[in-house]
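What follows is a short report on a single structure.
The values are calculated or read from the model by the stated rules, or taken from the named source; none is laboratory data. These numbers come from a predicted model, not from an experiment. Here Cβ is always computed from backbone atoms with ideal geometry, including for glycine, and neighbour counts include all displayed protein chains.
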Amino acid sequence: MAVAIRIERLSVDFSGKAVLRDASLEIPKGGPTFLLGRSGSGKTTLLRAINRLNECFPACRTSGRVVVNTADGAMEAYAPDTAVEVLRRRVGMVFQTPNVLPLSIARNICMPLEATQGMRGAEAEARMEEALREAQLWSEVRDRLRDPAVALSGGQQQRLCLARALALRPDILLLDEPTASLDFKAAQMVEELLGELRSRYTLIVVSHGLSQARRLAEYLFVLHDGGRVEELGKDVFRDKDALLTVLGDLL
Ligand SMILES: Nc1ncnc2c1ncn2[C@@H]1O[C@H](COP(=O)(O)OP(=O)(O)O)[C@@H](O)[C@H]1O
Ligand SMILES: [Mg+2]
């Protein structure tokens, strides 16, 4: 089994309050790997530790090791000489609520390309079309690329966020409850999309939906209160009764 991310003795606290304590886990390439746990157990914090987004919060302290295996080799996320913008390009993220930029549909994708890689013009347009096709949004927006992104439906906005992440050609995508804010139909489309993307990217999905995890997960970790991480085998998590026995009233 090829490993995409190795996390060793990761501890994270906010203002001295421990959220993760010595968490160690190996996330395989491909997936999707699902991360389940009670609300407040630290799932989002664990995702943000991988691309160092917790650093946006001054009260946050992180220790331990995160090794991300990319197409260009292994990156030590917390090594002093690691450029955080390169790490975040390799490890894209999609949030629970679609966070489109207050710009046109096209600029939502082209602006980050320009800012991170100086890419513009025909090259950026081609990359944008490729990403929108990959996110299964192209046919819905091709005639309205200059319209504001906020005019799109919630499901379309979430697929635009996915396209924006994909345009940067990441190796890994972190998805934090990506369907939680969507209606049934839009959530179903995003789920189908994850099924497609899994062959090309390593997907790590936080979810509170047991049934979603059972449908989509290839690997599954449970985050217990206190920061302990437990991996469940497929024989357990594909079997609803076995899963409920293991998880008890956790979820
Ligand atoms: N930016 C932050 N500042 C202070 N505390 C935070 C911050 N983010 C998360 N926490 C705390 O860390 C704990 C875990 O939060 P989180 O990772 O969001 O859990 P989950 O995603 O599993 O619901 C919670 O107690 C939360 O209050
Ligand atoms: Mg969360």
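In table form, for the structure just shown:
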{"read-out": "All positions within the stretch 55-70 that are hydrophobic (A, V, I, L, M, F, W, C), crowded, with 17+ Cβ neighbours inside 10 Å and away from ligand 2 (no atom under 16 Å from the Cβ)", "value": "Val66, Val67, Val68"}
{"read-out": "Single residue of the stretch 13-54 satisfying the filter (without any contact (Cβ under 8 Å) to a residue 60 or more places away in the chain and in a strand (DSSP E or B)) that is surrounded by the fewest Cβ atoms within 10 Å (Cβ to Cβ)", "value": "Lys17"}
{"read-out": "Boolean, Ser15 is within 12 Å of ligand 1 (Cβ to nearest atom) and on the phi > 0 side of the Ramachandran plot", "value": "yes"}
{"read-out": "Filter result for Ala163 (within 18 Å of Thr97 (Cβ to Cβ), touching a residue at least 24 places away in the same chain (Cβ under 8 Å), surrounded by 15 or more Cβ atoms within 10 Å (Cβ to Cβ) and of a type in the set (Gly, Ala, Ser))", "value": "yes"}
{"read-out": "Any hit, the stretch 179-199, residues being of a type outside the set (Phe, Trp, Tyr), within 16 Å of ligand 2 (Cβ to nearest atom) and touching a residue at least 40 places away in the same chain (Cβ under 8 Å)", "value": "yes"}
{"read-out": "Breaking point among (1) touching a Ser or Thr at 6+ places or on another chain (Cβ under 9 Å); (2) within 16 Å of ligand 2 (Cβ to nearest atom), for Asn99", "value": "(1)"}
{"read-out": "Residue match in the stretch 196-219 (condition: at pLDDT 95 or above, in a strand (DSSP E or B) and aromatic (Phe, Trp, Tyr))", "value": "yes"}
{"read-out": "Candidate set from the stretch 186-211 (those that are charged (D, E, K, R) and farther than 19 Å from Ala167 by Cβ); member that is surrounded by the fewest Cβ atoms within 10 Å (Cβ to Cβ)", "value": "Glu192"}
{"read-out": "The stretch 67-102, subset of a type in the set (D, E, K, R) and more than 19 Å from the chain's Cα centre (by Cα), residue farthest from ligand 1 (Cβ to nearest atom)", "value": "Asp72"}
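For (1) in contact (Cβ under 8 Å) with a residue 40 or more places away in the chain; (2) surrounded by fewer than 19 Cβ atoms within 10 Å (Cβ to Cβ), each residue gets a yes or a no:
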position: Glu85; (1), (2): no, yes
position: Arg90; (1), (2): yes, no
position: Val94; (1), (2): yes, no
position: Leu101; (1), (2): yes, yes
position: Asn108; (1), (2): yes, no
position: Leu113; (1), (2): yes, no
position: Arg120; (1), (2): no, yes
position: Glu125; (1), (2): no, yes
